[in-house]
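Data first, discussion second: the structure below is written as structure tokens.
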Amino acid sequence: MCRLASGEIQQVVFWRRLSPALAARVKPTVGRLIRSDRVAKNQRVCFSKSTLQLRRSILMKTKTSLSHRQILTLTASVLTLVSLACGLTTSETPIEEPVQGVSATAIPAQSEPVAPDEGDDLIAFIRLGDICVMEADGSNVRCLTDDGRTHLDSLTWSPDGSQIAFASDRDSDGCEIYVMGVDEGDVRRLTHENHRNSSPAWSPDGNRIAFASDRDGNDDIYVMEVDGGNVQRLSGESYWNGYPTWSPDSNQIAFVSLRSPNKHEICVMNAVDGSDLYCLADSNIMQKNLTWSPNGSRIAFVSDQNGNDDIYVLEVDGGNIRRLTEDSAVESSPTWSPDSSQLAFASQSDGDESIYVMEADGSHVRPLTDNSDWEGSPAWQPDKDKAGTVAVSISTPEPTPEPSKAFDCTIYTTADGLVDNRVNSIATAPDGALWVGTYSGISRFDGKDWHTYTSADGLAGNHINSIAVSPDGVSWAETLYGVSRFDGGTWTTIFDDGSVNLITVAPDGAVWVGWIRVDDEVRNNISRFNGGAWTHYYPPDDLENIMFETIAVAFDGSVWVAGAEFDGSDLIEHVYRFDGETWTPYTTADGLADDSVVSIAATPDGAVWFGTSNGISRFDGQTWTTYTEADGLAANGIASLAVAPDGALWAGTYQGGISRFDGEIWTAYTTDDGLPGNRIESIAVAPDGMLWATGWIIQNHVDGLYHCASAIGAVQPVPIPTPDSSTPTPAPTAAAPILDTVLDCANYTTADGLADGHSTAIAVAPDGALWVGTDKGASYFDEGNWRTYTTADGLVDDYVKSAAIAPDGDVWFGSTNGASRFDGETWTTYSPMTEGLMTVSSQSIAAAPDGTMWATTMEGIARFNGESWTAYTAADGLKSAGLTLIAVAPDGAVWAVANGPHNYVDHFDGQAWNSYPFVEDLDDLWINAIAAAPDGALWLATPLGALRFDGTNWEIYTAEDGLVNSDVRSITVAPDGALWFGTRAGSTGAGITRFDGEGWTSYITADGLPGGGIDLITVAPDGTLWIAYPGGVSRCTTQ
């Protein structure tokens, strides 16, 4: 235990606020992303309160705890993530109070807003916050509004040209969608969520409007009727989704989706229900501003894949991606002419953002506006004569099969038993079985049958980033929540000390992982597991900002890693060799084809191969040799490498198919040779020489996993040399001791009746029944049976954020839309309109011993005495607004904490509120949970340990004092007065710790706990532990 004082603990950096996976992957790309979201000086963004608080806290944090390089990196990250969260662009301009209504008073240089003439070919655009229109040749500019409102860059015309929809924060705390009549100037608000609703797109048939929104907690694509009714979410998974655009027949919607780390993919889905989803193109940088051509043949978009925001087009089958603008200016917001022959767009080529037009092939660029004011977000008026008609058929004809193919390939999908068509990684085992890592778990194929493994089977998580198989047949999976090992019977999570983003198996069978430690600083590390213990290797300080992106172990035992760092203005990529002691860099100056390395492979002859964006390089320890298309490669853009049993190297490319190198020559294979598609994301070669590959088969609209048989692969394997023992391997550290205490745990998942695997709240009733809050309702468990309650039963919101049991046994739930109370038969809802309840956004709700209920709100705290609500705000002495955590002590005293800059603890003794500041070095620390102990002290779960505050002094307890891990996620007080702490999983798996005031007792995965970390914990009256972990809940008793 240590007493905290100013300067004793470093700040928790921004990455700790993010999910482990996002923290691991966003840093390498922030340089490119931030350049893609520049904005003119007069544009504003509708930040939410939480976003503003987060942004302020990051900037304050970086001033005190980070290096200059880290400050630049994290500042860029904040701006980028804010942009991604809004689906919009960012600005430094402060947010002003909106003005109500649409004025018709005069604007400079014009007498009044002018309605366009009937039949004009118009382009709408934004000028300094007003919506204006002009003829397609740039003449006759006139503005439809004159109030300088914040009309964001999201204009879209109705098909008949009579209305314009747009996104704005004009009279809301969030971004909302509005529709304005072009002639009348009347403005109607369609959304009323006070969330970030952006990027409206009007369907060509005129019946619906698509838009992006975070109303359900994730950025997704929605559609609604043109009056704002019948809102439906189409993209229902936990990825960032934005920038929707309609196909001309209104049957499909294309959009940008962050469906895997670092990959912003252009995807297409059914516009009715979001089904039949397939993706056309991906990039490691941001792609945005999609617009589908009226003739249905192409999609235009903005990307900075060449270092600058430019306009690109691609065919609707994903092929023929072309860059149209190639100057140094920032371009944005392309919009098609009605006949698809031209594109209007915004550009900063003249210093100020103005509107330009060009031919559809990128030629004949000319300005339409010439004004010193900021002008952007053009939207070309559709052909009114074709409103509501189907423009073209966009189906892609099936290619005519040709005889005598080199490959005979079979495509496997979910219809065959694959758990998910979205495949991230594949690996073959010594017995010939295929292991497939997907977004929804792992599938194993033995040549006949498929078997699926998920978190219910012990995986740390269902989103599998990478999978590997060791020579002894043991399978390893890297998930968002840690590394899991399969020994043929069970999955065990053995590593979750940080954010793992790489995994590989060395020739000697050792497992290497690349990960990021995020306790008190951000550091990149690699670690080796020898079957019994982990050995950690920390790169020198000058490599601390490099984010490792791929890893391989050569046959001499050396480790090769490739990664990137953001130096404040640009992305710098690196390749390093680690021999156990020294990190040696290699670049193009040494002979590498390109510094951007996406895949590394080691061959039995001792060579190491590097797949780059500009060819393949081979290094034999002394000499570098590079191969490109000129040498026979299918394409220079390499996506994956794999070594066959005969020692041949296979290379998958992004657009050109696959290549094989037999030691002398390269041979390229494409769809003409029987491949289902030319985009080969990953490759694995089975012991019999047969190929397994993944990619997109565009003509079939399928994320592809396919097995290809060919005489090319029917070869005898070559002997595998024994790894060179001369390369030093440091002695492993001692394995963590396994405690002699044992838990008897029973796990429950959605397969048993739980509403969802991600639990948001957990509480136990006096009779021992369990309530679990999720984002899909509240689940009840009693006597072995599960039942879920939703809004259809009376719950105020399916997204439950908090739960508490009152002394009378009634269960209470807090949510964004209010609070709900259930007495076992009847539901009672308390909405934000209820007097005294204020705006309930109950991150936390708690019951007092006298039966009163306490709930946090955006404005303060609300108290319910059984009949009415009483509101407490800053006027009553509260120091913090937007309180998110609340706890009631046994004596009825109330403690409350808000996460944000300059944290305070608010305390209510029944008469008055008193506020206590955190010690200086902890005043911006993120608090995961709080609990009031029987002695009256407040305990707080934080990433640095468990804090205790007795009203005067602050103390911190960490792993050195007895916690199984210092990163504490949850905390609860048991009926016997003992404190229980749930922590992030460490190298020994998940962990919980009990503190009785004198001694500490810890339990880990080896004692029976589920893997993946402990999200929530509570204790039943009989002492039974209930634990929420990634994937479900677990009921544990001690033996």
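The values are calculated or read from the model by the stated rules, or taken from the named source; none is laboratory data. These numbers were taken from a predicted model, which means no experiment stands behind them. Quick reminder, even Gly has a Cβ in these numbers, built from the backbone with ideal geometry, and neighbours come from all protein chains shown.
Filtering GLY814, GLY809, GLY836 for residues that are surrounded by fewer than 22 Cβ atoms within 10 Å (Cβ to Cβ), within 19 Å of VAL888 (Cβ to Cβ) and at pLDDT below 90 leaves a single hit, GLY836. One residue stands out among those in segment 315-370 that are of a type in the set (Ser, Thr, Tyr) and farther than 20 Å from TRP246 by Cα: the one that is modelled with the lowest pLDDT, which is SER328. For segment 415-427, the count of residues that are under 26 Å from ASP672 (Cα atoms), of a type in the set (Ser, Thr, Tyr), modelled with pLDDT of 85 or more and in the same structural domain as ASP673 (by TED's automatic domain parsing) is at least one. Here ASP672 fits the description: under 18 Å from GLY318 (Cβ atoms) and surrounded by fewer than 17 Cβ atoms within 10 Å (Cβ to Cβ).
(1) under 30 Å from ASP276 (Cα atoms); (2) over 26 Å from the mean Cα position of the chain (by Cα); (3) aromatic (Phe, Trp, Tyr): which one isn't true of TYR481, the others all being true? Evaluating TYR481 over (1) under 30 Å from ASP276 (Cα atoms); (2) over 26 Å from the mean Cα position of the chain (by Cα); (3) aromatic (Phe, Trp, Tyr) leaves (2) as the failure.
Out of all the residues in segment 211-226, is one or more among the polar types (S, T, N, Q) and either crowded, with 24+ Cβ neighbours inside 10 Å or part of a strand (DSSP E or B) (or both)? Yes; the residues of segment 211-226 include at least one that is among the polar types (S, T, N, Q) and either crowded, with 24+ Cβ neighbours inside 10 Å or part of a strand (DSSP E or B) (or both). The one condition from (1) under 30 Å from the mean Cα position of the chain (by Cα); (2) without any contact (Cβ under 8 Å) to a residue 12 or more places away in the chain that HIS364 does not meet is (1).
What number of residues in segment 649-669 are touching a residue at least 60 places away in the same chain (Cβ under 8 Å) and surrounded by fewer than 22 Cβ atoms within 10 Å (Cβ to Cβ)? Within segment 649-669, residues that are touching a residue at least 60 places away in the same chain (Cβ under 8 Å) and surrounded by fewer than 22 Cβ atoms within 10 Å (Cβ to Cβ) number 1. May I ask you to verify whether SER139 is over 21 Å from TYR243 (Cα atoms) and free of Cβ contacts under 8 Å to residues at least 12 places away in the same chain? For SER139, the condition - over 21 Å from TYR243 (Cα atoms) and free of Cβ contacts under 8 Å to residues at least 12 places away in the same chain - is met.
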